[in-house]
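Enquirer: Sharing a structure with you now.
The values are calculated or read from the model by the stated rules, or taken from the named source; none is laboratory data. It should be emphasised that the depicted structure is a prediction, and the values quoted were computed from it without experimental measurement. Every residue, glycine as well, gets a Cβ built from its backbone with ideal geometry; the counts of neighbours run over all protein chains shown. We work out accessible area using only protein heavy atoms, side chains counted, and drop any ligands, DNA or RNA first. Shrake-Rupley method; radii C 1.70, N 1.55, O 1.52, S 1.80 Å.
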Amino acid sequence: MKRKKIEINTIIPFLSLAILMILFTITSGGKMMSPFNIQVILDQTMIVIIGGIGALFVIALGSVDLTIGVNLAMSALLGSIVADLTGIGVLLIPTCLISGIVIGFLAGTVSSRFKMPSFMVGLATLIGLRGIVNYIMQTGFRVQYLPSNLKWMGDFWVKLVIVAALFAIGLYVFEYTRLGQYCKAVGENENAAIFTGISAKKIRVLAFTISGLLAGIAAIFTLVKTGGTSTTMGVFFEMQVLMAVYLGGVLVTGGASARMYKMLIGSLSITIIDNGLVLAGYSSSEISEAVKGVFLMLILFFTIYFSDEARVSRMKKLDTK
């Protein structure tokens, strides 16, 4: 029985994470690996992981969801307003979830039904909804605070259990159900997927809806973390999520390169870069962004290079048969 050969692309995300850990452990004098700092890293990564779980379904299609950040802001704002007006704090949770689902569904529907590029749909939605969020906060509803009966959700271990459960569910759906396989199939070759009977339009709408749902959950976690709403809530969150996914070695073309574990490793990597630079004495955001940019280019270069190399190798084997 032949052993299955492990492709280098599978190792790259783990290798990059290990390099970052070793590098910043040395430059921080060992502070990186302290129990307290490990907890800080996990706490800072949770919201990015939540957003990444949903975004991966869209990225697997070869698309991109730029609405995640503004979806988070709108869902958080609507949830907190409903909780404040009714005096029932727990209504914040279903309101955030419903808002996230609706925004994601509409983005997916516009992209699929009208054959508009997901980038343009996301950009238009981002600009439009951000303006609405700012208008609402500057007129009638300014800062809305987290209901006191939901503050228990801010406990680290409660958040960790919830995020772990969400990741397990996302992993199962993405890797072991038809929905996840269809998302990858559409990303690999949409025309071939349609020819086999897959409804690419429905899959696209479902993927964006899932991304919206997770953005709604991220809104709840953001409110729990910050304690209330603000005009800057969710700003550049979509960039953080996309950076995390791509930093994990997922190609912008999606398809088979999209894997849930890569998103997880990428999310940890992006947080470790920020955390490690602060511990090493380089707290400047400009330095942090520069390091993440360089690291992203290197990972994508090696991922693309070895993907092409593996494809050529497979073709040669087929020719020799």
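Enquirer: Just to be sure I understand: with springs between alpha-carbon atoms less than 10 Å apart, which residue in S63, S99, S112 has the highest mean-square fluctuation in the Gaussian network model of the chain?
Expert: In this elastic network of the chain, the residue with the biggest mean-square fluctuation among S63, S99, S112 is S112.
Enquirer: With a cut-off of 8 Å between alpha carbons and a minimum separation of six or more residues, what is the relative contact order of the range 145-203 in percent?
Expert: About 17 percent, as a whole number.
Enquirer: Okay, moving on. Before I look further, what does the chain give for accessible area per residue, probe 1.4 Å, in whole square angstrom?
Expert: 51 Å²
Enquirer: Looking at the chain as a GNM with Cα springs under 10 Å, which of I272, I98, I19 has the largest mean-square fluctuation?
Expert: Evaluated over the chain, the most mobile residue of the options is I19.
Enquirer: How big is the dipole moment of the range 1-105 about its Cα centre under a simple scheme where the beta carbon of each Lys and Arg is +1, that of each Asp and Glu is -1, and everything else is neutral? Debye, nearest 20, please.
Expert: 680 debye
Enquirer: In whole percent, how big is the carbon plus sulfur part of the accessible area of the range 69-189, probe 1.4 Å, protein atoms only?
Expert: After summing per-atom areas, the C and S share lands at 71 percent.
Enquirer: Using the membrane-span-like helix rule (whole DSSP H runs, Cα extent along the own axis of at least 24 Å, mean Kyte-Doolittle hydropathy at least 1.6), which helices of the chain qualify?
Expert: What comes out of the filter, once short or polar helices are dropped, is 8-27, 35-59, 156-176.
Enquirer: Can you show me the helix-derived [θ] at 222 nm for the chain, built from DSSP H runs with n ≥ 4 at -39,500 (n - 2.57) apiece and divided by the number of residues, rounded to the nearest 500.
Expert: When only DSSP H runs of four or more count, the value is -25500 deg cm²/dmol.
Enquirer: Say the cut-off is 24 Å between C-alpha atoms; which of K159/K201; K184/K262; K151/K292; K262/K292; K31/K292 go over it?
Expert: Result: K159/K201; K151/K292 exceed 24 Å.
Enquirer: Separate question: Give the peptides 22-30, 103-111, 197-205, 262-270 in descending order of average Cβ contacts within 10 Å, highest first.
Expert: Answer by packing, highest mean first, reads 262-270, 103-111, 197-205, 22-30.
Enquirer: Next question, about the same structure. If you put +1 on each Lys and Arg Cβ and -1 on each Asp and Glu Cβ, how big is the dipole of the chain around its Cα centre, in Debye rounded to 20?
Expert: Using Cβ point charges on Lys, Arg, Asp and Glu, the chain gives about 1020 debye.
Enquirer: While we're looking at this one, here's another question. Taking K and R as +1 and D and E as -1, what net charge do the other residues with C-beta under 14 Å from the C-beta of G281 add up to?
Expert: Around G281, the charge tally is 0.
Enquirer: Rounding to the nearest 20 debye, state how big the charge dipole of the range 127-262 is about its Cα centre with +1 on each Lys and Arg Cβ and -1 on each Asp and Glu Cβ.
Expert: For this selection, approximately 140 debye.
Enquirer: Further question: Please give the contour-minus-distance gain from F156 to L42: 0.36 nm per residue of separation, less the Cα-Cα distance, rounded to one decimal in nm.
Expert: Working it through step by step, the gained length comes to 40.1 nm.
Enquirer: How do the peptides 162-168, 189-195, 69-75 rank, highest first, by the average count of neighbouring beta carbon atoms within 10 Å per residue?
Expert: Per-residue Cβ counts within 10 Å, averaged per peptide and sorted highest first, yield 69-75, 162-168, 189-195.
Enquirer: Shape of the range 231-287 from its Cα gyration tensor (a ≥ b ≥ c, root eigenvalues): rounded if a/c is under 1.5, otherwise prolate when a/b > b/c, or oblate?
Expert: oblate
Enquirer: According to the square roots a ≥ b ≥ c of the eigenvalues of the Cα gyration tensor, what is the shape class of the range 82-151, taking rounded for a/c under 1.5, prolate for a/b larger than b/c otherwise, and oblate for the remainder?
Expert: oblate
Enquirer: Picking from Y145, Y182, I273, whose Cα lies most toward the positive end of the charge dipole for the chain (charges on Cβ: Lys, Arg +1; Asp, Glu -1)?
Expert: Y182
Enquirer: Specify whether the C-alpha gyration tensor of the chain places it in the rounded, prolate or oblate class, a ≥ b ≥ c being the square roots of the eigenvalues: rounded for a/c under 1.5, otherwise prolate if a/b is larger than b/c and oblate if not.
Expert: Oblate is the answer for the chain, as a/c is 1.5 or above yet b/c matches or exceeds a/b.
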